[in-house]
Amino acid sequence: MKGYTKPLVLILLVLLADQLVKTWVKTHMYLGQEFNIIGKWFIIHFTENNGMAFGMEFGGEFGKLALSLFRIAAVAGIGYGLHYLIQHKYHRGLILNVALIFSGALGNIIDSVFYGKIYNYESWFHGRVVDMFYFPIAEGHFPAWIPIWGGDEFVFFRPVFNLADAAISVGVILILIFQKNYFKEDVKDEVSINSEIVED
């Protein structure tokens, strides 16, 4: 179990926090209800989606089932990758970030696989992912001269998301930022005839 403790603790903590928040929102709020946490730019807004992270859709009965099965296969792949990284003693930061991605993906799988049955609105693998965090930090309209979107309203940041989505995003962003540290190769000194010491 050496090397597994911290990643497993991180995974369990993210899963627990994610499911506690989702359960509270699901049992204490009605769909579409919202309330402000900090002014008008941090809002708890209860919404559900049938699709991917940040409310993106992959619709239809077959599409929903296919997405759930794809998620399970993806999480299995990430889990194997995490095991491989630990076994081969990769950078601790990389391992923990992959653990974040794994926990986020697993958290949303729980919704899509079980929530339909738990909350009695759909069959297995057809549940909806619960989202609640909304940060409309800036609102306005695109300038009229901008092609396609000119004059349209914009909101930044528009997507409503959950802790699982945030864990995935943080894990991916940190890997991109620190990839040179995570994947740097040890450069071995080459022995040449000009070296001060040449081994026989």
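Got at least one residue in region 89-100 being open to solvent by 70 Å² or more (accessible area, probe 1.4 Å) and not in a loop (DSSP other than H, G, I, E, B)?
Checked region 89-100: at least one residue is open to solvent by 70 Å² or more (accessible area, probe 1.4 Å) and not in a loop (DSSP other than H, G, I, E, B).
Criterion first (β-branched (V, I, T), over 13 Å from the mean Cα position of the chain (by Cα) and within 27 Å of N36 (Cα to Cα)) does I148 satisfy it? In short, no.
Could you please find all residues in region 45-85 being open to solvent by less than 20 Å² (accessible area, probe 1.4 Å), at pLDDT 90 or above and more than 17 Å from the chain's Cα centre (by Cα)? F46, the sole residue that qualifies. Scanning region 106-138 for residues that are touching a residue at least 24 places away in the same chain (Cβ under 8 Å), open to solvent by 20 Å² or more (accessible area, probe 1.4 Å) and assigned to a helix (DSSP H, G or I) gives L106, I110. If you scan region 1-30, which residues turn out to be under 23 Å from Q87 (Cβ atoms) and surrounded by 18 or more Cβ atoms within 10 Å (Cβ to Cβ)? Once the filter is applied, which keeps residues that are under 23 Å from Q87 (Cβ atoms) and surrounded by 18 or more Cβ atoms within 10 Å (Cβ to Cβ), region 1-30 yields P7, L10, I11, V14, L15.
The values are calculated or read from the model by the stated rules, or taken from the named source; none is laboratory data. What you see is a predicted model, and the numbers here were worked out from it, not measured in a lab. A quick note on method: Cβ atoms are made from the backbone with ideal geometry, for glycine too, and the neighbour counts reach across all protein chains shown. Just the protein is used for accessible areas: all its heavy atoms, side chains included, with ligands, DNA and RNA removed. Shrake-Rupley method; radii C 1.70, N 1.55, O 1.52, S 1.80 Å.
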